[in-house]
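To keep things clear, I will list the structure first and then write my remarks on it.
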Amino acid sequence: MDSTALTFSLSRFIEDVRVAVPVAGHARHERLPDGRTTLVFRVLEEGRRGDVCVAGPRTQALFKNAPGVARAVIVQFKPGWSAPLLGVAANVLTDQIVPLEDLWGRSGGDLCLELLAARRLPEMMERLSHAMALRPHPTFEPASARLARRAVRLLEGGEVRVESVAKQLGVTARHLRRAFAENVGIGPKDFARTVRLQRAVRMAATSKDWGRIAVDAGYYDQAHLIADFRELVGLTPGAFLKRPGARPGPGDAETGLHAAPEPYPHAPQSFTTTAKKSASAASSLRCSSAAGTTPPTGTGRSRVAVAAATTVLR
């Protein structure tokens with residue numbers, strides 16, 4: 001094995017790894033804006049083929065059906081850490097779902113075949129980590145990446161004003177916005193809005209006092225919360241909780257893909273694992289154990305639809 005792969009640790013880049021399965025034979029993907037880039041490996045046709053895609057950070061919620069998905073493994077990158085792994089600035093992926101093969105070339109398709117052959121989740125993670133380790137990485141990390149990650153910590157810690165964050169970091173607001181967009185994929189103001197939205201959704205799992213939720217989540221008032229919900233999600237808070245198939249709960253906004261209850265046992269078509277912190281992390285397909293398969297169509301400029309069962313909250 002390459003010496004670089006032996007010393008490379010993917011855990012520093014990864015925030016969450018989870019596996020999801022369809023419910024009652026139906027897979028519906030919902031992803032709220034969260035300022036995260038994810039890599040999604042889907043098992044299709046009961047393991048006969050699959051695909052690997054990269055879903056960039058979203059500025060608006062995505063609701064879509066995902067037919068034919070048997071399982072999905074979602075690797076969520078920490079904000080500001082995806083660019084050195086994927087080889088592209090985060091804002092290139094904003095609101096996009098892109099086959100890994102479009103970013104990596106043939107090695108993206110090769111990785112999909114490797115993942116389909118993995119028998120257990122730890123083995124899959126090892127293969128992901130090895131593939132990432134073999135990719136070319138910049139010798140020196142740009143200062144803008146470190147700046148963006150420091151700003152993320154401040155914004156997630158409760159700071160809401162971009163100018164205040166910039167002052168604390170010793171840069172201009174314009175400099176911060178540029179660094180944040182390049183490394184996180186959205187601007188710091190938009191990121192702060194996603195933080196509030198995520199808090200509100202989490203709180204709504206145990207309370208229906210929207211006035212209190214608004215204040216505790218960092219909104220000016222309930223009207224502010226409702227306006228943000230309408231703009232980012234396309235629904236009022238109440239309508240969001242009453243949508244068909246909704247399963248309200250902390251960290252959960254899936255209606256058709258739910259966290260699997262058991263460990264990834266033996267074969268790709270049966271892997272099931274609960275959400276967990278892990279160390280590992282990817283074009284879509286044409287990656288298939290059967291010849292002649294065609295990847296599904298996607299949204300925007302993308303050619304692939306990702307059935308990522310991403311949680312709403314960290």
Discussion item. Probe radius 1.4 Å, ligands and nucleic acids ignored: give me the carbon and sulfur share of the accessible area of the stretch 177-228 as a rounded percent.
Written reply: 50 percent
Worksheet item: Top to bottom by accessible area (1.4 Å), largest first, where do Arg199, Arg243 land?
Response: Arg199, Arg243
Response to the item:
With +1 on the Cβ of every Lys and Arg and -1 on the Cβ of every Asp and Glu, the dipole magnitude of the stretch 83-134 about its Cα centre, in debye rounded to the nearest 20, is 160 debye
Discussion item. Just to confirm my numbers, what's the Cα centroid distance between the stretch 60-126 and the stretch 144-172 in Å?
Written reply: 28 Å
Worksheet entry | Qualifying chymotrypsin sites (Phe, Trp or Tyr not before Pro) for the stretch 131-235 [loop in DSSP, other Cβ within 10 Å: at most 11] | Phe140, Tyr220
Discussion item. Once neighbouring chains are kept in place and the probe is 1.4 Å, which whole percent of the accessible area of the stretch 99-140 is contributed by carbon and sulfur?
Written reply: 52 percent
Worksheet item: Which shape class applies to the stretch 86-179: rounded if a/c is under 1.5, otherwise prolate when a/b exceeds b/c and oblate if not, where a ≥ b ≥ c are the square roots of the Cα gyration tensor eigenvalues?
Response: prolate
Fill in: Nearest-20 debye value, the stretch 106-213 charge dipole, Cβ charges on Lys, Arg, Asp, Glu
460 debye
Worksheet, complete the sentence: Note on the stretch 1-124: alpha-carbon gyration tensor, axes a ≥ b ≥ c; rule is a/c under 1.5 for rounded, else prolate if a/b larger than b/c, else oblate; result oblate
Fill in: Dipole magnitude (debye, nearest 20) for the stretch 1-144, charges at Cβ of Lys, Arg, Asp, Glu
300 debye
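The values are calculated or read from the model by the stated rules, or taken from the named source; none is laboratory data. Everything numeric here is computed off the predicted structure, so don't read it as measured data. Reconstructed Cβ throughout: ideal geometry from the backbone, glycine too, with neighbour counts over all protein chains shown. Side chains included, ligands, DNA and RNA excluded: accessible areas come from the protein's heavy atoms. Shrake-Rupley method; radii C 1.70, N 1.55, O 1.52, S 1.80 Å.
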